[in-house]
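Input: a single structure, listed below in structure tokens.
The values are calculated or read from the model by the stated rules, or taken from the named source; none is laboratory data. Everything quoted here is computed from the prediction, not taken from an experiment. Cβ sites come from the backbone with ideal geometry, for glycine too, and all protein chains shown count toward neighbours.
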Number of protein chains: 2
Amino acid sequence: MGARVEARLHVAGALAGTLAIDAGRAHYLKNVLRLKPGAWVGVFNAAAGEFAARIDSYTRHGGTLVVDSQLRAPQAEPDLWLVFAPIKRARIDITVEKATELGASRIQPVFTRHTVVTRVNGERLAAIATEAAEQSERLSVPEIGEPLPLDRLLDGWDARRALVICDETGAGPPLARVARDLALDGPHAVLIGPEGGFAPVELDRLRKLPFVTPAGLGPRVLRADTAALAALAVLQAVAHERFGAPPPRFASSP
Amino acid sequence: MGARVEARLHVAGALAGTLAIDAGRAHYLKNVLRLKPGAWVGVFNAAAGEFAARIDSYTRHGGTLVVDSQLRAPQAEPDLWLVFAPIKRARIDITVEKATELGASRIQPVFTRHTVVTRVNGERLAAIATEAAEQSERLSVPEIGEPLPLDRLLDGWDARRALVICDETGAGPPLARVARDLALDGPHAVLIGPEGGFAPVELDRLRKLPFVTPAGLGPRVLRADTAALAALAVLQAVAHERFGAPPPRFASSP
């Protein structure tokens, strides 16, 4: 298969033989991208890597792909969670898209005492994460966690996962320095506070936890969504410097 | 004046005595924020710092503020340009907003051979930058440059300004390492390529320029807007580590 791959689809499970695709994806391939049977797409997931697949047929309720040769082997990806207090819809959508590009492995909404937004549409966020992974040549799609109150999240926290809190009180040392001391090839997470700040009782609890490290994001006031993206960008840049990486390329807009 | 400042306004010129505000800002204070005469706002610019000011009156064509005591002295800010190929409207707006929060001093649109978008609404971008500066407690507002073809921008480039190019071919060393060697307290700039990539002739010219340093942004494919924000976040994080900074706080959404 020397042909160009016209789209990438995240497909769970084994990538071999004939794969069924649902009506939504068939519609996207057929009517949005205008791909005819015989065109090539990539199918991928974290466990299997990425394979070329030929569009075999469109049916009334979806379509079928026939898997061909492997394009990329599975590869190690960072085990980095983004934990953040939900924000308004447009901003949460951007956060999920960009966190996916920047390598978050899990996106965990958390309700704090000062969080204003009380509902999160996990399905919409999962769809955004999938689309961003398809666009960004990731092999995995970040998991979208069920929203949890901060206390419950901390009650169940695995202490082996380092938690960097980007703390609006500015008590922490610069994130670039904090990142230098983190095991970025192990489980880690970054927690961005709500726009109203953490409550004192929340900060007290966070600061006493052995797996928590506070960090500061610099002299300017950042919106919560900017803070999330800045923190992920810095962590991935320090990991890139430490571990190296295959060359980056830019995705094109959909 | 011990009262709370209800809004921040960027106002050019001397901040003393009575200041006239235009109809748009008077409308914002009176009808959006519902502030009555007597309420306090902050007025600021890079040269004067920030002052408390009392709303004195609303008139048919605007309003007046009376300047009171200084809240913050002027302060050094990074001399960091973001140079980028224009992208679609929603994404360019986000880029300008977040580049302002992340400390860019100038935002310079540049047309490359593979740039698809051919028009930029500089007035709209300037308004977004001003609003983001008002929200983020910056004292300055980034300048929005007139869009220029890349060749003309490079023809007029001051060689004392280091130019980091985030290069989609991945040829550059990790940005976190490149940033370590930059004089971040001097003039510097980051150039993000267009989503279609630089043309070979553009890359050739860039690589031969003595003030250019290529850098890579890591293993994942980033959209151009994500690349711009990631690069600014990393540069400001390294500057924060090197120079320290007053504590950050988060802005609240408008």
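When A:Ile165 is tested against (1) surrounded by fewer than 20 Cβ atoms within 10 Å (Cβ to Cβ); (2) within 14 Å of chain B (Cβ to nearest Cβ), exactly one condition is not met: (1). Across region A:164-186, a minimum of one residue is classified as of a type in the set (Lys, Arg) and under 26 Å from B:Val238 (Cβ atoms). A:Ile21 passes every criterion in (1) touching a residue at least 12 places away in the same chain (Cβ under 8 Å); (2) of a type outside the set (Ser, Thr, Tyr); (3) out of contact with any strand residue (DSSP E or B) (no Cβ under 9 Å at 6 or more places or on another chain) apart from (3).
A:Leu102 meets the conditions (1) buried (at least 21 other Cβ atoms within 10 Å of the Cβ); (2) under 14 Å from the mean Cα position of the chain (by Cα); (3) away from chain B (no Cβ under 14 Å) in every case but one. The failed one is (3).
Going through region B:208-248 one residue at a time, which ones are assigned to a strand (DSSP E or B) and more than 7 Å from chain A (Cβ to nearest Cβ)? Across region B:208-248, the qualifying residues are B:Val212, B:Thr213, B:Pro214, B:Ala215.
The lone criterion from (1) surrounded by fewer than 20 Cβ atoms within 10 Å (Cβ to Cβ); (2) within 14 Å of chain B (Cβ to nearest Cβ); (3) of a type in the set (Val, Ile, Thr) left unmet by A:Val178 is number (1).
Evaluated against (1) assigned to a strand (DSSP E or B); (2) surrounded by 20 or more Cβ atoms within 10 Å (Cβ to Cβ); (3) of a type outside the set (Val, Ile, Thr); (4) touching a helix residue (DSSP H, G or I) at 6+ places or on another chain (Cβ under 9 Å), A:Pro78 falls short on exactly one condition, (1).
Yes/no per residue for (1) more than 11 Å from chain B (Cβ to nearest Cβ); (2) modelled with pLDDT of 95 or more:
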| position | (1), (2) |
| --- | --- |
| A:Phe51 | yes, yes |
| A:Ile55 | yes, yes |
| A:Leu65 | yes, yes |
| A:Arg72 | yes, no |
| A:Ala90 | no, no |
| A:Val96 | yes, yes |
| A:His114 | no, no |
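B:Glu195 meets each of the listed conditions (1) more than 20 Å from B:Ile107 (Cα to Cα); (2) facing chain A (nearest Cβ under 9 Å); (3) in contact (Cβ under 8 Å) with a residue 12 or more places away in the chain apart from (1).
Condition check for A:Tyr58 on (1) in a loop (DSSP other than H, G, I, E, B); (2) farther than 19 Å from A:Gly197 by Cα: one failure, at (1). The set of residues in region A:111-145 being touching a helix residue (DSSP H, G or I) at 6+ places or on another chain (Cβ under 6 Å) and of a type in the set (Gly, Ala, Ser) consists of A:Ala129, A:Ala132, A:Ala133, A:Ser136. Out of B:Ala230, B:Ala245, B:Ala251, one residue alone is modelled with pLDDT of 90 or more and small (Gly, Ala, Ser). It is B:Ala230.
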